[in-house]
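Let me begin by presenting the structure, written as structure tokens, before commenting on it.
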Amino acid sequence: PKEKAEQFHDVKKDIESVGEFIRVWTTRNQRWLSPKFLIGESYGTTRAAGLAGYLHQRHGMYLNGIMFISSILNFITARFNEGNDLPFVLFLPSYAATAWYHNKLSEDLQADLEKTLQEARDFALTDYTLALMKGNELEISEREKIIEKLARLTGLSKTYIAGTDLRINIHRFCKELLRDQGLTIGRLDSRYKGFDKDNVGETHEIDPSYAATLGPYTSTMYDYLRRDLAYETDLPYEILKSLYQTWKYEDYQNQYVNTGHDLREGFQMHPGLKVIVCNGYFDLATPFLATEYTFKHIPLPKEQQANIKMTYYEAGHMMYLHKP
């Protein structure tokens, strides 16, 4: 029977199908002795980590290196579900970076982005985490201190933060930060600004950073396929498809997707694997502290931990959009 795309809309099936493509291409082109590198971006990092385990174990194909661009390996870090406080903690420094860019912070915090981000990191991983863990037992005096600090680091009002129960959702943040100016900010890149039909919504109607890139990406791809590759088809090219709406997670029932363990298995098979992880400070889709948390919680010996390098850019989810 003819294969259907939906057959592969599954975390494991996706990894297996891409892994098989890599194996076949490498075999037919006689490249088994060549160095092999993967680059994954966003959901592609979920796939790349999965491939590290799959290729190493299933096919004995050892990768020399993997580049993760704007990583999401462990989805517990980005799901703002009731009862999961982790994202509120891990998104905070990215909120601070965004507020810094839009000049919403106090003068001392506006002076040095790196120092501001370190203050946000330190607070997120200490007092803020402890406060959220206490839940309803948090003392009023302590609660007020947390509200004060969150307002300082996010540029949001104390009244708004109190109303969120100290838990600032990413989608609400994009609408709230510049509400006083009648503007919204981007999720993929929080430096971009946009507008909605009115100013009273809970979340923004469209991600202005997505809107800014959709047209150029689409035109470039259509032109590249026909002009450079001479690939002629009248089928539409899907720049970004909402596959998450129909994607299956059969091996992850009642848990969050986490391909960090696949990456660990990749290191077990090939301890010499090298990894570089690229983070954008203004990325509100896969924040850098969430990525740090994920990689720090992959159980690896010190030698393999040293093989993982983190880099940071004053840019967003697709940091290469920023020419410098």
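The values are calculated or read from the model by the stated rules, or taken from the named source; none is laboratory data. Note that the structure is predicted; figures quoted are calculated from it, not measured. When we count neighbours, we look across all protein chains shown, and the Cβ atoms used for this are built from the backbone with ideal geometry, even at glycine. These accessible areas exclude ligands, DNA and RNA; they are computed on the full protein's heavy atoms, side chains included. Shrake-Rupley method; radii C 1.70, N 1.55, O 1.52, S 1.80 Å.
When you scan segment 66-88, how many residues do you find that are open to solvent by 30 Å² or more (accessible area, probe 1.4 Å), under 20 Å from H261 (Cα atoms) and assigned to a loop (DSSP other than H, G, I, E, B)?
1
Only one residue in T259, T291 is within 14 Å of the chain's Cα centre (by Cα) and more than 20 Å from S94 (Cβ to Cβ), so which one is that? It would help to see each step written out before you state the result.
Details: T291 fails: more than 20 Å from S94 (Cβ to Cβ).
Within the list T259, T291, the selection yields T259.
Could you list, in sequence order, the residues of segment 1-42 that are assigned to a loop (DSSP other than H, G, I, E, B), of a type in the set (D, E, K, R) and open to solvent by less than 90 Å² (accessible area, probe 1.4 Å)? Don't jump to the end; show me each part of the working.
Restricting attention to segment 1-42, the residues satisfying the condition of being assigned to a loop (DSSP other than H, G, I, E, B) are 1-4, 9, 29-36.
Restricting the remaining residues to those that are of a type in the set (D, E, K, R) gives 2-4, 31, 36.
If the condition is that a residue be assigned to a loop (DSSP other than H, G, I, E, B), of a type in the set (D, E, K, R) and open to solvent by less than 90 Å² (accessible area, probe 1.4 Å), then K36 is the only one that fits.
Considering only residues of segment 207-241 that are of a type outside the set (D, E, K, R), at pLDDT below 95 and not in a helix (DSSP H, G or I), which is nearest to C174 (Cα to Cα)?
Within segment 207-241, the match that is nearest to C174 (Cα to Cα) is L240.
Just one of (1) outside any helix (DSSP H, G or I); (2) in contact (Cβ under 8 Å) with a residue 40 or more places away in the chain; (3) open to solvent by less than 40 Å² (accessible area, probe 1.4 Å) trips up D196, so point out which.
Every listed condition holds for D196 apart from (2).
Look through E142, E148 and report the one residue that is farther than 24 Å from P208 by Cβ, in contact with an Asp or Glu (Cβ under 9 Å, 6 or more places away or on another chain), free of Cβ contacts under 8 Å to residues at least 24 places away in the same chain and assigned to a helix (DSSP H, G or I).
Details: E148 fails: in contact with an Asp or Glu (Cβ under 9 Å, 6 or more places away or on another chain).
That would be E142, the only listed residue that is farther than 24 Å from P208 by Cβ, in contact with an Asp or Glu (Cβ under 9 Å, 6 or more places away or on another chain), free of Cβ contacts under 8 Å to residues at least 24 places away in the same chain and assigned to a helix (DSSP H, G or I).
Mind checking whether some residue in segment 309-324 is in a helix (DSSP H, G or I) and polar (S, T, N, Q)? Let's see the steps before the verdict.
Start the filter on segment 309-324 by keeping residues that are in a helix (DSSP H, G or I), which leaves 319-321.
Checking the rest, the ones that are also polar (S, T, N, Q) come to none.
Among the residues of segment 309-324, not one is in a helix (DSSP H, G or I) and polar (S, T, N, Q), which makes the answer no.
So, in segment 92-119, exactly how many residues are within 15 Å of P287 (Cα to Cα) and open to solvent by less than 50 Å² (accessible area, probe 1.4 Å)?
Selection size over segment 92-119: 9.
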